[in-house]
Structure formats: structure tokens, C-alpha cells
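Each remark here refers to the structure printed beneath this line.
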Amino acid sequence: MDLSLDIEEYRLNIRAAGAIIHNNKILVHRDINKDHCCLPGGRIEIGETSEQTIKRELQEELGKDIEILNYMTTIENFFEMENKKYHEIYFLYKAEFLEEESKKIDYVMHNVEGKEYLRYEWIDLKEIDKCNLLPICLKNILKEEQYPVHIINDDLTNNKNI
């Protein structure tokens with residue numbers, strides 16, 4: 001069961017994601033029906049660590065095994081999507097594919113669960129500002145390469161604390 005709860009007018013999400021970087025490009029997850037992308041991962045399940053979540057999600061979505069290299073950030077993320085307010089706790093780790101052949105992938109990958117609307121694309125880190133990557137504070141984390149860091153990102157009140 002995902003750690004996602006509706007409490008009053010908010011949805012509380014506990015999410016984990018992985019930053020997989022090859023040849024100065026980062027793997028992003030895109031729903032072709034939306035105008036933004038995010039780093040691959042998903043909601044943490046009850047009794048599961050954030051590291052276990054990323055490994056499970058990448059195996060389920062891409063059929064790929066990964067290893068966690070290091071912890072990067074925790075973001076307290078407040079935002080609105082589809083007329084719903086979210087309070088999200090977001091854990092990010094630097095990760096890498098385990099298989100050497102997978103480390104050479106530079107093409108668009110598709111979801112192995114049959115979700116045709118999902119794409120996994122490589123975005124050049126030099127072009128990251130042109131990409132609608134959410135949460136937006138991830139761009140600075142990836143560019144500055146200084147972690148670990150704890151960020152409060154409040155798009156609901158525009159109150160940012162970095």
C-alpha cells in the first residue's frame with residue numbers, strides 16, 4: 001500500500017526518486033499527456049525504505065536493476081496538481097544501472113508494464129533549465145552538485161527555503 005493519504009484538503013505523498021546520469025545526461029520520466037517531467041521513482045509503500053522504493057520502481061517500470069550510490073536530498077514539497085493540494089516528502093538518491101549494457105543506453109525507453117503514455121528520456125544537464133522538471137528546485141541541486149541538502153519548496157505560497 002502506497003504512503004499516500006488524503007487529509008482534509010491535502011494529499012500527503014511520501015516519494016522516492018533516483019538520479020541516473022550518463023554522459024552528462026539525466027534520465028527523466030515523462031507522461032506524454034502532461035507538460036512536465038520528473039525523475040524516475042514513485043511512492044514509498046508501507047514498511048519499505050526510500051532506497052527499496054527506487055529499486056522496486058525501476059524494476060517494475062523499466063525492468064532494470066539499479067544500485068544506490070549516495071543520498072542527495074530531501075524535499076518538503078508543497079504544490080497543487082489537478083485541483084488538489086499536495087504535501088509531499090521527496091527523497092532523492094544518485095543511482096546507477098547494475099548491468100554494464102544498461103549503462104550504455106541513450107535512447108528513449110518505454111514502460112515495461114504496458115503503460116504506453118510513459119516515456120523515459122535522457123535530458124542533457126546543460127539544457128536542464130529548458131526542461132519543465134518538477135519539483136523545479138531539482139534543477140539547482142543537479143547543477144550545483146552539492147549534497148546532501150534539505151529543501152522546503154512551497155509552490156502554494158511561493159515561500160521558498162533553500
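The values are calculated or read from the model by the stated rules, or taken from the named source; none is laboratory data. Every value quoted in this text rests on a predicted model; they were computed, and no experiment measured them. Methodologically, a virtual Cβ is constructed for each residue, glycine included, from the backbone with ideal geometry; neighbour enumeration extends over all protein chains shown.
For segment 116-142, what are the residues that are farther than 22 Å from F78 by Cα and touching a helix residue (DSSP H, G or I) at 6+ places or on another chain (Cβ under 8 Å)? Within segment 116-142, L118, Y120, L125 meet the criteria. Tell me whether segment 84-101 contains one or more residues that are without any contact (Cβ under 8 Å) to a residue 12 or more places away in the chain and surrounded by 12 or more Cβ atoms within 10 Å (Cβ to Cβ). No, every residue in segment 84-101 fails to be without any contact (Cβ under 8 Å) to a residue 12 or more places away in the chain and surrounded by 12 or more Cβ atoms within 10 Å (Cβ to Cβ). Restricted to strands (runs of 3 or more DSSP E) entirely inside segment 1-85, no element has at least 3 residues that are among the small types (G, A, S), over 22 Å from I105 (Cβ atoms) and under 12 Å from the mean Cα position of the chain (by Cα). Can you tell me which residues in segment 23-46 are under 18 Å from N70 (Cα atoms) and at pLDDT below 95? Selection gives N24 alone. Screening L69 with (1) closer than 15 Å to A19 by Cα; (2) in contact with a Ser or Thr (Cβ under 6 Å, 6 or more places away or on another chain) gives one miss only, at (2).
Within segment 113-162, the set of residues being touching a His at 6+ places or on another chain (Cβ under 8 Å) and exposed (fewer than 11 other Cβ atoms within 10 Å of the Cβ) comprises E116 only.
Taken together, E48, E99 contain a single residue that is out of contact with any Gly (no Cβ under 9 Å at 6 or more places or on another chain), closer than 30 Å to D154 by Cβ and not β-branched (V, I, T), which is E48.
Taken over segment 98-134, the criterion of being over 13 Å from N23 (Cβ atoms) and part of a strand (DSSP E or B) is satisfied by M109, H110, L118, R119, Y120, E121, L133.
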